[in-house]
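*Asks:* The structure's right below; bear with me while I get my questions together.
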Amino acid sequence: MELYQSSQAAREVFEEADDSLGFPLSDMIFHGPVASLQDTINSQPAIMTVSIAAWKAWQEAAGSSASPPVAVAGHSLGEYTSMVVSGVLDFSQGVRLVRERGRLMQQASRRRPGAMAAIMGLDEFALEHICAETGVELANINSEDQIVISGDKRAVARAVDLASARGARKAIPLPVSGAFHSSLMYQAQQGLAEAIAKLDFHDPQVPIIANSTAEPLTTASQVQHELVSGLCQCVRWKSSVEYLVESGVSRFVEFGPGRVLTSLIKRIDRGVEAVTVSDPESVRKLAEAAR
């Protein structure tokens, strides 16, 4: 709401989301109900809308000082936001696509119910063994000691018990509606591929670091393939950040609600700068720093 009230550019993003989706998403973002906003069919376009609104508000505030990024990256849904920032699709197309992605993922979750859990304190090698024993899959490798698993509800519960027994510092079931980034999302892939095929993708103006490979996407066809396959593949966030740091990136800016990625980036590499832009005050600070 503060972004909407303080920035004409942000206000236009919220209004474009409402017009593109054909219902007042912005009102749901501002006023709830929370239960509706948390449904993945709504939360995905809502997060993208707030992220793009923050980015546009910063561009507006920084003016000619708003230099383009050398690369963009996003965690799962954030990959779609990165796609809009890099010019692959315009925001109107992007927000409709992520709502369809949310609908397909919600539908797949009802057909094949699943769960996810965050495991802290075990490395990837140890969790790969647990996955092999239980049938769950690695969903997000967020940092050295924070990895998310995904799969059948009973299998995830067993994996959580095994992780705890083998020395995990924490093993926390996540409040999600399905087994995202696992093979249980396979049914959603065909529908997403069909939705993507109807859109005119452009080559990225700046590289997008892929979730699945932690390597740059530089063509429209690479982005299309990544978005479809990414539904069932692991998000390699730690590797993505490491790739950017090794490429010379020393400053990261997270646009959007919350500061989860900022926190993870600092855990992955304490030597880089990472800031969050999510409200008028953080917009102002980053704009002033750019001048």
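The values are calculated or read from the model by the stated rules, or taken from the named source; none is laboratory data. It should be emphasised that the depicted structure is a prediction, and the values quoted were computed from it without experimental measurement. Here the Cβ is made from the backbone with ideal geometry for all residues, glycine too, and neighbour counts use every protein chain on show.
*Asks:* Can you confirm whether Gly178 is in contact with a Ser or Thr (Cβ under 9 Å, 6 or more places away or on another chain) and under 24 Å from Ser240 (Cα atoms)? Walk me through it before giving the result.
*Replies:* Details: in contact with a Ser or Thr (Cβ under 9 Å, 6 or more places away or on another chain): yes; under 24 Å from Ser240 (Cα atoms): no.
When the stated conditions are applied, Gly178 does not pass them.
*Asks:* Return the pairs, sorted by first residue and then second, in which the second residue is of a type in the set (S, T, N, Q) and part of a loop (DSSP other than H, G, I, E, B), the first residue lies in the stretch 189-209 and is more than 14 Å from Asp90 (Cβ to Cβ) and in the same structural domain as Ser92 (by TED's automatic domain parsing), the beta carbons are less than 6 Å apart, and the residues are 6+ apart or on different chains.
*Replies:* From residues that are more than 14 Å from Asp90 (Cβ to Cβ) and in the same structural domain as Ser92 (by TED's automatic domain parsing), the pairs are Asp203/Thr219; Val206/Ser86; Pro207/Thr218; Ile208/Ser86.
*Asks:* Do you know which of the residues in the stretch 31-51 that are assigned to a helix (DSSP H, G or I) and out of contact with any helix residue (DSSP H, G or I) (no Cβ under 7 Å at 6 or more places or on another chain) is nearest to Leu231 (Cα to Cα)? Reasoning before the result, please.
*Replies:* Narrowing the stretch 31-51 to residues assigned to a helix (DSSP H, G or I): 31, 34-38, 40-51.
Checking the rest, the ones that are also out of contact with any helix residue (DSSP H, G or I) (no Cβ under 7 Å at 6 or more places or on another chain) come to 31, 34-35, 38, 47.
Numbers: His31: 30, Val34: 25, Ala35: 24, Gln38: 19, Ile47: 17 Å.
The selected residue is Ile47.
*Asks:* Which of the residues spanning the stretch 138-167 are in contact with a strand residue (DSSP E or B) (Cβ under 6 Å, 6 or more places away or on another chain), surrounded by 20 or more Cβ atoms within 10 Å (Cβ to Cβ) and of a type in the set (S, T, N, Q)?
*Replies:* Asn140, Gln146, Ser150
*Asks:* To continue, here is another question. Within the stretch 257-291, can you find the residues that are of a type in the set (Gly, Ala, Ser) and outside any helix (DSSP H, G or I)? Before you say what the answer is, go through the steps one by one.
*Replies:* First pass over the stretch 257-291, keeping only residues of a type in the set (Gly, Ala, Ser): 258, 263, 271, 274, 278, 282, 287, 289-290.
Within the stretch 257-291, Gly258, Gly271, Ala274, Ser278 meet the criteria.
*Asks:* Whether any residue in the stretch 193-212 is within 16 Å of the chain's Cα centre (by Cα), hydrophobic (A, V, I, L, M, F, W, C) and not in a loop (DSSP other than H, G, I, E, B) is what I want to check. Steps first, answer last, please.
*Replies:* Start the filter on the stretch 193-212 by keeping residues that are within 16 Å of the chain's Cα centre (by Cα), which leaves 208-212.
In the following step, the residues that additionally are hydrophobic (A, V, I, L, M, F, W, C) were identified as 208-210.
Then keep just the ones that are not in a loop (DSSP other than H, G, I, E, B); that gives 208-209.
Within the stretch 193-212 (the criterion being within 16 Å of the chain's Cα centre (by Cα), hydrophobic (A, V, I, L, M, F, W, C) and not in a loop (DSSP other than H, G, I, E, B)), the answer is yes, since at least one residue qualifies.
*Asks:* Scan the stretch 204-213 and give yes if some residue there is touching an Asp or Glu at 6+ places or on another chain (Cβ under 6 Å), of a type in the set (Val, Ile, Thr) and crowded, with 16+ Cβ neighbours inside 10 Å, otherwise no.
*Replies:* No, the stretch 204-213 contains no residue that is touching an Asp or Glu at 6+ places or on another chain (Cβ under 6 Å), of a type in the set (Val, Ile, Thr) and crowded, with 16+ Cβ neighbours inside 10 Å.
*Asks:* Does Ser64 meet the test of being assigned to a helix (DSSP H, G or I) and modelled with pLDDT of 95 or more? If you could, list the steps in order and put the result at the bottom.
*Replies:* Numbers: assigned to a helix (DSSP H, G or I): yes; modelled with pLDDT of 95 or more: no.
Criteria not met by Ser64.
*Asks:* Right, next: All but one of (1) in the same structural domain as Glu254 (by TED's automatic domain parsing); (2) surrounded by fewer than 24 Cβ atoms within 10 Å (Cβ to Cβ); (3) among the hydrophobic types (A, V, I, L, M, F, W, C) hold for Met120; which doesn't?
*Replies:* (1)
*Asks:* Still on this model: So the check is Cβ under 9 Å with 6+ separation or different chains; which pairs have a first residue in the stretch 84-106 that's free of Cβ contacts under 8 Å to residues at least 12 places away in the same chain and a second one that's of a type in the set (A, V, I, L, M, F, W, C) and in a helix (DSSP H, G or I)?
*Replies:* Filtered contacts from the stretch 84-106: Asp90/Val84.
*Asks:* Do the conditions hold for Ile29, that is, is it of a type in the set (Val, Ile, Thr), at pLDDT 95 or above and closer than 26 Å to Phe180 by Cβ? Walk me through it before giving the result.
*Replies:* Working: of a type in the set (Val, Ile, Thr): yes; at pLDDT 95 or above: yes; closer than 26 Å to Phe180 by Cβ: yes.
For Ile29, the condition - of a type in the set (Val, Ile, Thr), at pLDDT 95 or above and closer than 26 Å to Phe180 by Cβ - is met.
*Asks:* Surrounded by 21 or more Cβ atoms within 10 Å (Cβ to Cβ), assigned to a loop (DSSP other than H, G, I, E, B) and of a type in the set (Ser, Thr, Tyr) - does that describe any residue in the stretch 86-98?
*Replies:* yes
*Asks:* Collect the residues in the stretch 168-192 that are assigned to a loop (DSSP other than H, G, I, E, B) and either surrounded by fewer than 18 Cβ atoms within 10 Å (Cβ to Cβ) or among the aliphatic types (A, V, I, L, M) (or both), keeping them in residue-number order. So that I can check it myself, show each step before the final result.
*Replies:* Restricting attention to the stretch 168-192, the residues satisfying the condition of being assigned to a loop (DSSP other than H, G, I, E, B) are 168-169, 174-182.
Answer for the stretch 168-192, where residues must be assigned to a loop (DSSP other than H, G, I, E, B) and either surrounded by fewer than 18 Cβ atoms within 10 Å (Cβ to Cβ) or among the aliphatic types (A, V, I, L, M) (or both): Ala168, Arg169, Leu174, Pro175, Val176, Ala179.
*Asks:* Just to verify a result, which residue in the stretch 233-256, among those that are in a helix (DSSP H, G or I) and of a type in the set (A, V, I, L, M, F, W, C), is farthest from Met48 (Cα to Cα)?
*Replies:* Val245
*Asks:* Out of all the residues in the stretch 128-144, which are touching a residue at least 40 places away in the same chain (Cβ under 8 Å) and either assigned to a strand (DSSP E or B) or of a type in the set (D, E, K, R) (or both)?
*Replies:* First, the residues of the stretch 128-144 that are touching a residue at least 40 places away in the same chain (Cβ under 8 Å): 136-144.
Scanning the stretch 128-144 gives Glu137, Leu138, Ala139, Asn140, Ile141, Asn142, Ser143, Glu144.
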